[in-house]
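Asker: Structure incoming, see below.
The values are calculated or read from the model by the stated rules, or taken from the named source; none is laboratory data. Predicted model, so just to flag it, every value in this text is computed and none were measured. Here the Cβ positions follow ideal geometry from the backbone for every residue, glycine too, while neighbour counts run over all protein chains shown. Ligands, DNA and RNA are stripped out before the accessible areas are found, and what is left, the full protein with its side chains, is counted by its heavy atoms. Shrake-Rupley method; radii C 1.70, N 1.55, O 1.52, S 1.80 Å.
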Amino acid sequence: MKMNFVKRAWLSLSAKWGRSILLVLVTSTILMFVLAGLLISHAASQATAEAKKSVGATLTLSANREAAFKKMQSGSTTSKPKKITMTPVKLSDAKKIARSGNISSMNATATTSVDAKSFDTVSTTSSSTGMMGMRGGSSSSTGDVTVNGVTSTSDVSSFTSKSSKITKGRGIKASDEGTNNVVIESELAKQDNLTVGDTMTVKQTTGNKTTYKLKIVGIYKASSSASSGMGMMGSDPSNAVYTSYTFANTIKGSKYKDTADSVTFKISNPAKTTAVKKAGDKLINTSTYSLTTDDNSYQTVKKSMNTVSGFANKIVWLVAAAGTVILALIVIMMVRERRYEIGVLLSLGESRFKIAAQFFTELVMVLIVSLAIAGIGGQFVGNQLGQQLVTQAQTSQTSETSGPMGQGGGQPGGMRSGGMGGQRSGGFSQKKAAKTKLSTTVTATEMAELGGFGLSIMFVSVAIGSLGIMRLEPKKVLIDD
Amino acid sequence: MTTMLETKDLAYWYENGSRPLFKDVNLTFEAGKSYAIVGQSGTGKTTFLSLLAGLDHPKAGEILYDNETLKKIGLTNYRRRDVSIVFQAYNLFNYMSPVNNLMTAMAITNAEHRGDQEYAKRMLEQIGIPKGDFNRNVTHLSGGQQQRVAIARTMCCDAALVVADEPTGNLDEQNTKAVINQFQSIAHDQGKCVIIVTHEPEVAKQCDVEIQLADREFQTVVR
Ligand SMILES: Nc1ncnc2c1ncn2[C@@H]1O[C@H](COP(=O)(O)OP(=O)(O)OP(=O)(O)O)[C@@H](O)[C@H]1O
Ligand SMILES: [Mg+2]
């Protein structure tokens, strides 16, 4: 095939540069919006994938206490807390679940309390008076110091959400099992002049009141937001310490060996949460134990990102359609304006197909320049639009989720035990989701996709516009006019 | 001389049912000769020429080129290979230089000298276009110069038949003379068949054969 039409296209564009610049401007604008849509859509799916990793979903194995727990909750505010007998979770069960697949880590928690012996606890001035009364009622089992026994502090939600931070030393690790290592809060450390490497002694609240020597391996700082709503047991949140769950079991008594209040599993792929729970249910006695899932944070991010990417896809197709119409109209007008030239070409025996090919080539040349311009401009538009969309989508999502399941969605039973609530969990998911950022950077993939869109738009426009070329009779334009 | 173009019982009308502009036209055109078609305004000269140029189909009868009907050759093929057209309005590509106009025409018609810029320049030189105008945009040339570029274009193409509709219509006496000489040279030196529609007696007189269209009939003027 002779490619003379390519040369003609170039000559036409360079001679009529005013028209060419106009075409470039129109095309760039259209492409910029297409690119913005593509960027947001890509960023949204990327953010969803990221959310899988960072936000994650959890599965918690605990005693089946749904009914009992409810009863206790409703009773606790009005009258004295009722004692519920709980069946501790067997670690052997937990290990079976951990091996069933899609579980990336496992965190056993056992919570109890002890009395301080070698040090003074932090007392809260504001809430202590009101709470003291309540504390008195259940004094037999409640000490000044909350012992949060865990497998690893890094898997505790207050640490993953960064509301608690290790400031000195290290957190509790799986290797701390069987040790008396402890991580204490900075306020407590400050007040008692304790630091990493020091030891402190505590005393059992019940039984033979054995004392234990604890070795401080780390100090953590709890942010004020994390400590709010924590006064359930009337003790300042700074009096909560972290140890290995095995130490908490030791305090509780020998029958608690190889058990935990609950075990939380991190699900490696949050999209599989339901399947993982189903598989887990088969491994346990569901009348004694229950598995609860928490993928709210993942779902929240996923929903808001779906909204964003759905909107972005609509933008892409809408702009592409509008752009096609606009460019098709321009081509139609161009064909009319240039029908004399087309007539000359036809009189020279040029085929109509090659005339259409010349128009297409001209637009492709325009497209190449426009792609470069849109690549720069689309980045800007994408950033602006992306941030706005995320803010809007998440605002609406948060209000949706906080309705029926809002707070309860935190981490059911994650750190709770008996009558004591050392919950350093919950409420972190929404905060995390709201911080999701769209990274709208132009990559080769986007540019290739944009080029594809551009080519399609140009092709359809020329196909529509060249109907005029196909119908044009050279005699009419060359002689009759 | 060999017959190049032949019309057989040719007839044409615009509106169905109206009287034909001409009918039963039987004419022959030979290579190496120039023909002038004259007649009053509105008689149908341009219409007739457009049929010879393959821009339209006749309503009745047929046109044969080298003993083959245009229908069989195909109008696009015929226009590309066999016929070269010059119109009153020059019909140049307004976004190109004279050289590129010639180059483009040669490329489309697949002429022997396609791609040969020197040849194009020689043709332009031959019809008196100043060297300085070769690569300027063609719209910057005068009317007479543009018409000469259009004629140079037919010289570049290999088509053996050249048809022109009032090619001197916009030209002054001096330019007219130059253009007519050029057409004569195309016919006599290149051995092509040149058919010119004109209403200028001076131009008609210069051509080898003069055909008058009157009362719906073509008559060769005996001189
Ligand atoms: N597209 C058309 N539709 C209908 N009638 C037409 C059309 N083109 C031309 N005519 C008519 O056909 C007749 C012949 O027109 P044509 O242009 O062939 O005449 P002409 O001999 O070339 O005239 P002139 O010397 O003025 O150029 C005229 O009466 C004209 O009005
Ligand atoms: Mg005419």
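Asker: Is the stretch B:74-209 best put as rounded, prolate or oblate by its Cα gyration tensor, with a ≥ b ≥ c the root eigenvalues, rounded for a/c under 1.5, and otherwise prolate when a/b is larger than b/c, oblate when not?
Answerer: oblate
Asker: Please give me the summed charge of the neighbours of B:VAL197: other residues whose Cβ is under 13 Å from its Cβ, Lys and Arg +1, Asp and Glu -1.
Answerer: -3
Asker: Just from its helices, what would the mean residue ellipticity at 222 nm be for chain B, if runs of 4 or more DSSP H residues each count -39500 (n - 2.57) and the sum is divided by every residue, rounded to the nearest 500 deg cm²/dmol?
Answerer: For chain B, the value works out to -10000 deg cm²/dmol.
Asker: Using only Cα atoms and rounding to the nearest 10 degrees, what angle (0 to 90) does helix B:98-109 make with the longest principal axis of chain B?
Answerer: 50
Asker: State, in square angstrom and to the nearest 100, the accessible area buried between chains A and B, both chains counted, probe radius 1.4 Å.
Answerer: 2300
Asker: Kindly identify residues of the stretch B:94-108 having a loss of at least 50 Å² in accessible area between the isolated chain and the assembly of all protein chains, probe radius 1.4 Å.
Answerer: B:TYR95, B:ILE108
Asker: Which residues of the stretch A:1-44 show a drop of at least 20 Å² in accessible area when all protein chains are present, compared with their chain alone (probe radius 1.4 Å, heavy atoms only, ligands and nucleic acids excluded)?
Answerer: For the stretch A:1-44, once contacts with the other chains are taken into account, A:LYS2, A:ASN4, A:LYS7, A:ARG8, A:LEU11, A:ALA15, A:LYS16 lose 20 Å² or more.
Asker: Using alpha carbon centroids, what distance separates the stretch A:247-282 and the stretch B:105-178, in Å?
Answerer: What the calculation gives is 92 Å, centre to centre.
Asker: Also: Residues of the stretch B:3-222: accessible area per residue at 1.4 Å, in Å²?
Answerer: 42
Asker: What is the antiparallel percent of DSSP beta bridges lying wholly in the stretch B:3-222, to the nearest 5?
Answerer: Taking every DSSP beta bridge within the stretch B:3-222, about 45 percent pair in antiparallel fashion.
Asker: Computed FRET efficiency, Cβ-Cβ of A:SER104 and A:VAL196, R0 35 Å: what is it to the nearest 0.05?
Answerer: E(calc), rounded to 0.05, equals 0.75.
Asker: Just counting partner chain Cβ atoms within 10 Å, what average do the residues of peptide B:53-64 show around their Cβ?
Answerer: Average per residue, whole number: 2.
Asker: A further question follows. Filter A:LYS95/A:LYS302; A:LYS354/A:LYS476; A:LYS475/B:LYS23; A:LYS475/B:LYS192 down to the pairs with a C-alpha to C-alpha distance above 28 Å, please.
Answerer: Pairs exceeding 28 Å: A:LYS95/A:LYS302.
Asker: At R0 = 41 Å, how high is the FRET efficiency between B:LYS205 and A:LEU25 if r is their beta carbon distance? Nearest 0.05 is fine.
Answerer: The pair B:LYS205/A:LEU25 has a calculated efficiency of 0.15.
Asker: Let me cross-check A:ARG339: its accessible surface, 1.4 Å probe, with only protein heavy atoms counted, in Å² to the nearest 10?
Answerer: Surface accessible to solvent at A:ARG339 totals approximately 100 Å².
Asker: Also, I was wondering about something else. Using packing as a proxy for protection, rank A:447-457, B:160-170 so that the peptide with the highest average count of other Cβ atoms within 10 Å comes first.
Answerer: B:160-170, A:447-457
Asker: What average count of beta carbons from other chains do you get within 10 Å of the Cβ of residues in B:80-88?
Answerer: Shielding by partners across B:80-88 averages 3.
Asker: Going by average Cβ density within 10 Å per residue, which order do the peptides A:309-316, A:107-114, A:360-367 take, highest to lowest?
Answerer: Going from most to least packed, we get A:107-114, A:360-367, A:309-316.
Asker: Using label points projected 7 Å from each Cα along Cα→Cβ, tell me how many nm separate B:ASP189 and A:VAL325, to one decimal.
Answerer: Here the answer is 5.9 nm between the modelled labels.
Asker: Using a 1.4 angstrom probe on protein heavy atoms only, which residues from the stretch A:314-342 are buried by at least 40 Å² of accessible area when all chains are present rather than their own chain alone?
Answerer: Listed by number, the residues meeting the 40 Å² cut-off are A:TYR340, A:GLU341.
Asker: While we're looking at this one, here's another question. What spacing in nm lies between the two simple spin-label points modelled at A:GLN387 and A:SER123, each 7 Å away from Cα in the Cβ direction?
Answerer: 5.0
Asker: Could I have the simple spin-label model distance between A:LYS213 and A:LYS162, label points 7 Å from Cα toward Cβ, reported in nm to one decimal?
Answerer: In this crude spin-label approximation the distance works out to 3.9 nm.
Asker: Report the Stokes-Einstein translational diffusion coefficient (µm² s⁻¹, integer) for the stretch A:267-396, Rh taken as the Kirkwood radius over Cα pairs, at 37 °C with viscosity 0.692 mPa s.
Answerer: 161
Asker: Hey, another quick one. Summarise the partner chain shielding of A:345-357 as one whole number: the mean count of Cβ atoms from other chains within 10 Å of each residue's Cβ.
Answerer: That average works out to 6.
Asker: Note the angle between two axes, namely the Cα long axis of helix B:143-156 and the longest principal axis of the Cα atoms of chain B, as a number of degrees from 0 to 90, rounded to the nearest 10.
Answerer: Once rounded, the angle reads 80 degrees.
Asker: Do any GluC sites (Glu not before Pro) in the stretch B:54-116 lie in a loop, going by DSSP, with at most 16 other beta-carbon atoms within 10 Å of their beta carbon, and if so which?
Answerer: Passing both the DSSP loop test and the Cβ count: B:GLU112.
Asker: Here is a follow-up. Using alpha carbons only, how many degrees (0 to 90, rounded to 10) separate the axis of helix B:173-188 from the longest principal axis of chain B?
Answerer: Relative to chain B, helix B:173-188 is tipped by roughly 70 degrees.
Asker: Full extension from B:GLN40 to B:VAL222: what is 0.36 nm times the residue separation minus their Cα-Cα distance, to one decimal in nm?
Answerer: My answer for the length gained is 63.7 nm.
Asker: Could you tell me, in Å, what Rg and Dmax come out for the Cα atoms of the stretch B:28-114?
Answerer: 14.8, 41
Asker: Next question, about the same structure. Ignoring ligands, DNA and RNA, please state the percent of accessible area on the stretch A:439-481 from carbon and sulfur, probe 1.4 Å.
Answerer: Looking at the stretch A:439-481 in its full context, I get 67 percent from C and S.
Asker: Quickly rank A:174-180, A:35-41 as a protection proxy: mean count of other C-beta atoms within 10 Å, highest first.
Answerer: So the order, starting with the most tightly packed, is A:35-41, A:174-180.
Asker: Provide Rg over Rh for the stretch A:202-355; use the alpha carbon set for both Rg and the Kirkwood Rh (inverse mean inverse pair distance).
Answerer: A ratio of 1.44.
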